[in-house]
Amino acid sequence: MGFMDSIFGGEESQTTSGFQNLPPEIRNAFTSFATQGTGLLGGGAGDAMFRPMGTTQDESSAFGMFRQGFAPTSAADVSRDVGLFMNPFDQYVIDDINRQSQGDYSLLKQAVTDAGQFGSNRQVLGASELERQRLNAIGSFKQNQYNNALNMAMNQLSGLRQQDAQNLAGIGGFERGLDFQTKQAPVSALNAWANLIRALPQNGGTTSTSSSSKGLLGSLGSIGGLLTGASDAGWL
């Protein structure tokens with residue numbers, strides 16, 4: 001109100017619109033959301049939530065395996081890998097071959113006994129033939145075992161090792177994803193809150209209020225009227 005209005009009187013009006021006309025509960029929801037969003041992401045504080053983690057131990061192991069390679073690169077590597085696939089029970093098979101060829105009840109002794117030729121040339125020839133068969137059986141058995149082991153070492157072992165490296169890299173990727181989701185949990189919660197308050201009104205419309213004042217002269221006139229009325233009533 002200006003000076004002249006204070007003397008002669010005047011009217012006052014006040015208009016509110018938009019956000020200010022919303023109920024305080026809704027305004028507080030928006031204000032709290034903005035405050036938390038600023039604290040969470042403002043001023044560079046949210047950088048850590050988007051920063052990728054460093055290489056995990058599993059990923060480092062996998063990278064080392066990839067760099068080293070999976071195929072054998074020397075005779076020592078081949079020998080080592082072949083040994084991984086040799087049957088540890090081979091000796092039992094070889095011992096059984098020897099027992100059948102040279103034992104007390106071996107084929108040699110049975111053949112010689114049936115022929116009645118102990119000490120003869122036929123005994124020597126028969127023994128030589130059975131010995132040759134024994135060695136051939138052992139050789140064939142060991143050769144088959146070695147060929148199978150060599151095939152596994154050269155053709156399948158490298159693939160198995162590569163799969164191991166890929167599995168380690170996959171574990172590292174899972175750890176990386178879990179770390180990112182953990183960092184992003186506050187942001188995800190804030191986004192969920194944003195989706196909820198989108199349903200709230202953001203504008204309360206416009207409200208106008210007005211009032212009038214008589215000013216100093218109007219007030220004096222009112223006082224004079226009151227005095228006149230009191231005099232007419234005989235109060236004064």
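Which residues does a label at LEU150 reach in the stretch 66-86, if reach means a backbone N under 12 Å from a point 7 Å past the Cα toward the Cβ? Hits in the stretch 66-86 for LEU150 at 12 Å: 79, 82.
If you plug the beta carbon distance of THR209 and ASN28 into 1/(1 + (r/R0)^6) with R0 = 22 Å, you get a FRET efficiency near 0.40.
If the segment from GLN36 to ARG132 were pulled out straight at 0.36 nm per residue, it would be longer than the present Cα-Cα gap by 25.6 nm. Under the simplified labelling scheme, the ARG80-GLN68 pair shows an inter-label distance of 0.7 nm, with each label point 7 Å from Cα along Cα→Cβ. Under the simplified labelling scheme, the ARG99-ASP47 pair shows an inter-label distance of 7.6 nm, with each label point 7 Å from Cα along Cα→Cβ.
Laboratory data are not the source of any read-out in this text; all were calculated from the coordinates shown. No experiment lies behind these values; they were computed from the predicted model shown. With ideal geometry, Cβ positions are generated from the backbone for all residues, glycine too; neighbour counts draw on all protein chains shown.
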